[in-house]
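The values are calculated or read from the model by the stated rules, or taken from the named source; none is laboratory data. Keep in mind it's a predicted model, so treat the numbers as computed, not measured. Please note: Cβ atoms are built from the backbone with ideal geometry, for glycine as well, and neighbour counts cover all protein chains shown.
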Amino acid sequence: MDDLTLSERLRQRGVSRRGFMKFCAATASMMALPPLMIPKIAAALEKARRPSVIWLSFQECTGCTESLTRSHAPTIEGLIFDHISLDYHHTLQAAAGDGAEHAREAAMKENWGKYILVVDGSIPLGEGGNYSAIAGISNLDMLKEVAEGAAAVVSVGTCAAFGGLPMAKPNPTGAVAVSDIIKDKPIVNVPGCPPIPTVITGVLAHFLTFGRLPELDHLQRPKVFFGQSIHDRCYRRPFYERGQFAETFDDEGARKGWCLFKLGCKGPTTYNACATAKWNEGTSWPVEAGHGCIGCSEPRFWDAGGFYQALSVPHTKVGETILTAGAAGLAIGAAAAVLNRKRKAGAVENRETITVKDLTKES
């Protein structure tokens with residue numbers, strides 16, 4: 001890894017000051033930081049040096065890497081060549097066999113205590129960890145070896161963060177999450193099946209900018225991306241509040257874009273930025289495409305089952321308000337009628353106390 005700062009490297013590549021500040025503004029926006037933080041980000045990045053990143057892939061489907069290569073802010077090219085030094089990655093590196101393992105060992109030695117370890121895929125513990133191995137080294141042993149010299153660990157995807165699909169019942173390989181094994185390093189979970197690409201790069205950009213991981217929730221997920229539920233940010237929520245639900249995937253409600261809660265959408269219990277970050281350069285996301293959220297960024301989402309079964313009976317605030325207002329209206333109407341009768345009977349002149357119990361009884 002060279003000693004050039006990011007600012008020096010960008011200038012070498014012909015990136016103007018204007019272009020650099022645009023990147024800083026995009027980074028601030030992506031991390032939900034106020035505009036006043038842009039100069040601070042710029043100052044930090046100008047002095048920053050590219051951190052070494054070692055990416056380990058275990059029991060996974062390569063979907064997380066596919067997601068990363070589709071990141072548009074920053075782009076994968078910029079991420080690799082300008083912002084980080086991706087020194088080891090099975091899928092993206094040119095080296096193979098012994099050459100690949102020598103690259104990993106060299107990166108660890110040269111950057112001991114400073115590199116970022118990114119892991120995707122769960123780790124099998126069954127049969128002594130022999131269900132999955134790389135270069136004759138079990139996933140378990142390689143994780144422990146590389147994590148020992150890491151400054152921080154980023155668990156990318158639900159498999160690495162929570163065990164994911166390999167951990168689903170009956171869990172034949174004894175799959176576990178990274179945090180079940182590594183206990184002495186800062187860990188940030190970036191779940192999703194796969195995770196949103198800009199969330200992956202956003203976490204790396206945050207570490208590069210501030211030298212630390214972002215603020216995390218109780219599941220060690222960055223709050224800036226996982227601080228609100230899908231339901232909180234969903235553009236279909238107004239339909240939920242009005243009690244307008246699609247009953248099937250091809251009925252009138254579905255065609256009008258009504259809420260998918262009754263069709264099994266797990267948005268109210270799932271925390272992620274899908275509704276705002278979206279996919280394919282912000283083009284769309286599953287709910288916008290007509291399919292309910294399956295809760296893939298939550299622990300044990302696969303075993304929760306019932307992808308097309310509603311979480312519960314819809315309980316909308318607007319519905320509650322309408323019912324309450326309706327009941328209040330009936331009560332007021334009944335009270336007015338009773339009061340009118342009492343006036344005629346002279347009860348008001350006698351200052352008789354009229355209670356709610358009286359109103360209910362007489363009406």
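Tell me the helices (runs of 4 or more DSSP H) entirely within the stretch 38-116 that contain at least 2 residues that are closer than 19 Å to His206 by Cα and at pLDDT below 85.
Numbers: elements: 38-47, 63-68, 98-110.
Ranges flagged: 38-47.
Looking at Thr248, Thr270 in this structure, which one is of a type in the set (Val, Ile, Thr) and without any contact (Cβ under 8 Å) to a residue 40 or more places away in the chain? Steps first, answer last, please.
Working: Thr270 fails: without any contact (Cβ under 8 Å) to a residue 40 or more places away in the chain.
Among Thr248, Thr270, only Thr248 is of a type in the set (Val, Ile, Thr) and without any contact (Cβ under 8 Å) to a residue 40 or more places away in the chain.
Counting only residues that are under 19 Å from Asn189 (Cα atoms) and not hydrophobic (A, V, I, L, M, F, W, C), which one in the stretch 279-298 is surrounded by the fewest Cβ atoms within 10 Å (Cβ to Cβ)?
Taking the candidates together, the pick is Glu298.
Of these, Val188, Val156, Val176, which one is more than 18 Å from Trp302 (Cα to Cα) and modelled with pLDDT of 95 or more?
Val188
Scan the stretch 181-222 residue by residue and report those that are in contact with a Gly (Cβ under 8 Å, 6 or more places away or on another chain) and assigned to a helix (DSSP H, G or I).
Selection gives Val199 alone.
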